[in-house]
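Structure first, commentary second.
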Amino acid sequence: MNRKLRHWLWYFSLPAAAILLYKLWDNFSQAIGLVGTLISILAPFVGGFVLAFFLYAPCNWLEGKLLRLKGKAWKKLARPLSLTVVYLALLGIVALLVYLILPLVVSSITSLVNTMPDYLRTTTQRINEFISGNKFLAQFELADKLTDVYQYLLEALTKLLTTENILTAIKGVGSVASSLLNVLIAFIVSVYMLSGRESLFRALRAVCGLFIKPAPLTTIRRYTVQIGHIFSNYFYGAFIDALAVGVVVSIGLLIFRVPYALLLGMAMGLLNMIPYFGAIIGGVGVALITLLTTNIYTTIAVVIYMVVVQQVDANIIQPRIVGGSVGLRPIYVLLAITLFGGLFGFWGIFLGVPLMAVVQLFVKAAIARKEQRNKKPDDSPSETAE
């Protein structure tokens with residue numbers, strides 16, 4: 001009966017899939033809108049899955065440590081204790097960000113915006129004094145270029161603060177209660193997913209087993225586990241690397257007495273999560289703000305310091321923390337950023353490296369299967385070695 005049911009489901013799924021693909025292609029924009037609506041409706045469950053995905057590793061690690069302790073009570077309490085500790089740590093980090101770091105960042109941004117015109121006038125005057133009498137430097141018109149950059153940034157900020165955008169933000173405040181409810185539901189969903197993950201996996205395998213044979217299902221399960229490891233290891237490694245860079249850059253800026261050192265260091269760390277381009281963009285931004293707020297000599301010292309930090313990070317820290325999780329060569333990393341960034345914008349840049357690692361995983365598996373099929377049955381180990 002089970003085999004007949006599988007056959008009927010398979011024969012029904014082929015024409016249904018063909019009709020569905022035709023309808024999706026014929027109404028592509030409506031299909032995208034429908035997917036967006038469905039994701040917005042299921043946002044708490046999507047958020048709960050993402051949260052459970054990132055908290056699985058620390059929960060599993062702590063649970064394993066507790067299970068090694070002697071006593072039957074630890075076996076019963078291992079999972080509840082691990083979930084409690086991890087979620088309390090998460091809430092503590094969020095509280096630290098909201099009550100300590102976030103107010104400092106907001107005050108730094110406000111102060112920087114208010115004092116930027118004064119910094120610009122002072123820096124322009126210094127540049128004019130520095131290049132006065134020097135025909136070679138005068139032809140570059142550095143002061144005018146700096147003013148153009150400032151005007152461009154000011155216009156972009158002004159467009160963001162239009163009446164329409166402000167009204168949109170005010171309307172968004174009205175749905176704070178709904179957003180908080182979604183966050184609470186996502187939090188609860190993640191707890192249920194982590195506490196009963198074995199039963200969820202069994203149910204998912206049972207449902208997939210109605211449509212997929214055991215051998216392909218085992219292969220899909222193996223690839224799913226590998227893809228999950230790639231994404232989790234990459235993001236954990238990138239976060240640790242970004243945190244280290246942010247702390248080191250902030251300390252250096254404090255030593256050089258650069259204003260807004262914490263803000264600039266955090267921005268540098270966050271941008272460092274984008275391979276190659278993030279470090280360049282962050283370095284240029286920090287150098288520009290340092291030039292506006294201090295002097296040319298401090299700026300040169302800060303630039304040298306950031307170059308040293310980035311070289312140490314790129315050649316020593318990042319390959320050990322992030323490189324091992326994806327195993328991509330630099331040329332493939334650049335290809336991933338360019339390709340996926342062009343296709344999906346910011347999220348393509350942000351997720352490009354692990355996505356390229358997944359592509360590499362499937363390509364290597366396909367090559368290995370092809371080599372296995374092409375291998376002659378009568379090849380002995382000695383002949384293969386030769």
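The values are calculated or read from the model by the stated rules, or taken from the named source; none is laboratory data. Model, not experiment: these values are computed from the prediction. Cβ: placed from backbone, ideal geometry, glycine included. Neighbour counts: every protein chain shown.
Couple of notes before you dig in:
- Selection status of residue 183, β-branched (Val, Ile, Thr), at pLDDT 90 or above, within 30 Å of residue 349 (Cβ to Cβ) and surrounded by 12 or more Cβ atoms within 10 Å (Cβ to Cβ): no
- Close pairs from the stretch 265-292: first closer than 21 Å to residue 347 by Cβ, partner part of a loop (DSSP other than H, G, I, E, B) and not small (Gly, Ala, Ser), Cβ under 8 Å, at least 6 apart: 278/272; 279/272; 281/274; 282/272
- Lone qualifier among 65, 70, 76 - being of a type in the set (D, E, K, R), exposed (fewer than 15 other Cβ atoms within 10 Å of the Cβ) and outside any helix (DSSP H, G or I): 70
- Answer residue from the stretch 336-350, given it is small (Gly, Ala, Ser) and in a helix (DSSP H, G or I) and is surrounded by the fewest Cβ atoms within 10 Å (Cβ to Cβ) among those: 342
- So residue 11, is it farther than 22 Å from residue 197 by Cα, assigned to a helix (DSSP H, G or I) and either modelled with pLDDT under 65 or not hydroxyl-bearing (Ser, Thr, Tyr) (or both): yes
- Residue 199 vs. criteria within 19 Å of residue 49 (Cα to Cα), among the polar types (S, T, N, Q) and surrounded by 11 or more Cβ atoms within 10 Å (Cβ to Cβ): no
- Only listed residue being surrounded by fewer than 13 Cβ atoms within 10 Å (Cβ to Cβ) and assigned to a helix (DSSP H, G or I), chosen from 83, 88: 88
Matching residues to (1) surrounded by 12 or more Cβ atoms within 10 Å (Cβ to Cβ); (2) at pLDDT 75 or above; (3) touching a Phe, Trp or Tyr at 6+ places or on another chain (Cβ under 9 Å); (4) in a helix (DSSP H, G or I):
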position	(1), (2), (3), (4)
103	no, yes, no, yes
123	yes, no, no, yes
143	yes, no, no, yes
152	no, no, no, yes
158	no, no, no, yes
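- Search result, residues across the stretch 216-241 that are among the aromatic types (Phe, Trp, Tyr) and either within 21 Å of residue 58 (Cα to Cα) or at pLDDT below 85 (or both): 231, 234, 235, 236, 239
- Against the test of being touching a residue at least 40 places away in the same chain (Cβ under 8 Å) and more than 30 Å from residue 56 (Cβ to Cβ), the options 295, 315 yield a single qualifying residue, 295.
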